[in-house]
Every structure is written in structure tokens, then in C-alpha cells.
Amino acid sequence: MPVDSPAISLSPSPRPAGNPTVAEQLHRLCDPWVEHYRGDLEHDRNDLAGLPEEVPFIVVARTHGTDLVILRPASDPHFPPPGETAPLCFGRAGREKIADAVLAVLEHNQREHRATPRRWFASRGKGVVRRTEPEAALKEARAWREGLQREWDRERKRPHRGS
């Protein structure tokens, strides 16, 4: 059989047939909880579309939409270089404030959890989305934030080339 035959695929399938993507899993889990601002589900799908499966995230679903928090690595281009800023809400912020804002979203949801029921879901970077508890999600997010800070502190201490 020739190599370019349609019966042979030289590139591996991105995922086995029947295994839903993390975005599909998330939509299935959050859909019953979201009554208003359902567009959040599509925003979440788009945000997860280019994200490598090994990057963990946490989602809080409530009647009025979702909050998706991606626990990006310190080297992610989402975080600006030291001393620079990037857009954040209606202004600009450095990487530490951007990371703090990510954590603040989850802390706000935990405070409001009793007043407005919410469901918490997480993907711990293995391509599977599962239900989680607010305390476990916050513990994971705080550890992530501390890890970012340690890495950025080490980066600051490294000698710069050309100095």
C-alpha cells in the first residue's frame, strides 16, 4: 500500500475516539448549573481550546455563569516579563498582580459559596475534569501562587547576561 493512501494515517490521533476533551467535559458538568450568562460556557471552551492538557484549571459554576481560573506556569506568555505590565480588567498590572487576581476570583467564590450555591470543578493537568470542593481548589491555587512567586524570586536573583 502506498504511504499516501487514505487508509493509512501517519499522524497520531490527538485523542482516542470517544474520549471527550476537557472543554467538552467541562461543558457537560457546568451546563446544568448555569441558567444565566450561558455565554460563559462558550468563553470557557474558547479559553481552553489552545491550552495544553497538562495545564491545570479550576472552574466555579453558578446560576449566573462560570469563573474559569487557569493555573498557568510562571513562564507562560500570559504573564508579562519583570517590570512590564499587561492588560487586566480595566487597567494594566505586573505579573504578580495578575496572579493575585486569579487567586482573588476563587477566594471571592468561596466567600459567596453559602449565599449562592456553586459547583467547583478542576482539571489537574491529566485531561480529566472532576468535581472538587472549594477548600481543595483554594489550597491548590494558593500552592500554585506560592510556586510562581518562588520561581520569579529565583529569576530575579539570577545574574543577567551583559551586566
Filter result (surrounded by fewer than 20 Cβ atoms within 10 Å (Cβ to Cβ) and among the hydrophobic types (A, V, I, L, M, F, W, C)) within region 42-51
ALA49, LEU51
Quick check on ALA136: is it assigned to a helix (DSSP H, G or I) and surrounded by 16 or more Cβ atoms within 10 Å (Cβ to Cβ)?
no
Residues in region 90-134 that are among the charged types (D, E, K, R), more than 22 Å from GLU35 (Cβ to Cβ) and without any contact (Cβ under 8 Å) to a residue 24 or more places away in the chain total 4
Any residue in region 112-125 that is of a type in the set (Val, Ile, Thr) and touching a helix residue (DSSP H, G or I) at 6+ places or on another chain (Cβ under 7 Å)?
no
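This table checks each residue for (1) open to solvent by 80 Å² or more (accessible area, probe 1.4 Å); (2) at pLDDT below 90; (3) small (Gly, Ala, Ser).
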| position | (1), (2), (3) |
| --- | --- |
| LEU10 | yes, yes, no |
| ARG15 | no, yes, no |
| GLU24 | yes, no, no |
| GLY39 | no, no, yes |
So the strands (runs of 3 or more DSSP E) completely within region 52-129 holding 3 or more residues that are open to solvent by 40 Å² or more (accessible area, probe 1.4 Å) are none
For residues that are among the hydrophobic types (A, V, I, L, M, F, W, C) and either under 17 Å from THR63 (Cβ atoms) or at pLDDT below 95 (or both), tally how many sit in region 123-152.
2
Do you know which residues across region 66-90 are farther than 23 Å from GLU155 by Cα, at pLDDT 95 or above and out of contact with any Cys (no Cβ under 6 Å at 6 or more places or on another chain)?
ASP67, LEU68, VAL69
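The values are calculated or read from the model by the stated rules, or taken from the named source; none is laboratory data. Remember, predicted model here, so these are calculated numbers, not experimental data. All Cβ positions, glycine included, derive from the backbone under ideal geometry; neighbour counts span all protein chains shown. Accessible surface areas use protein heavy atoms only, side chains included; no ligands, DNA or RNA. Shrake-Rupley method; radii C 1.70, N 1.55, O 1.52, S 1.80 Å.
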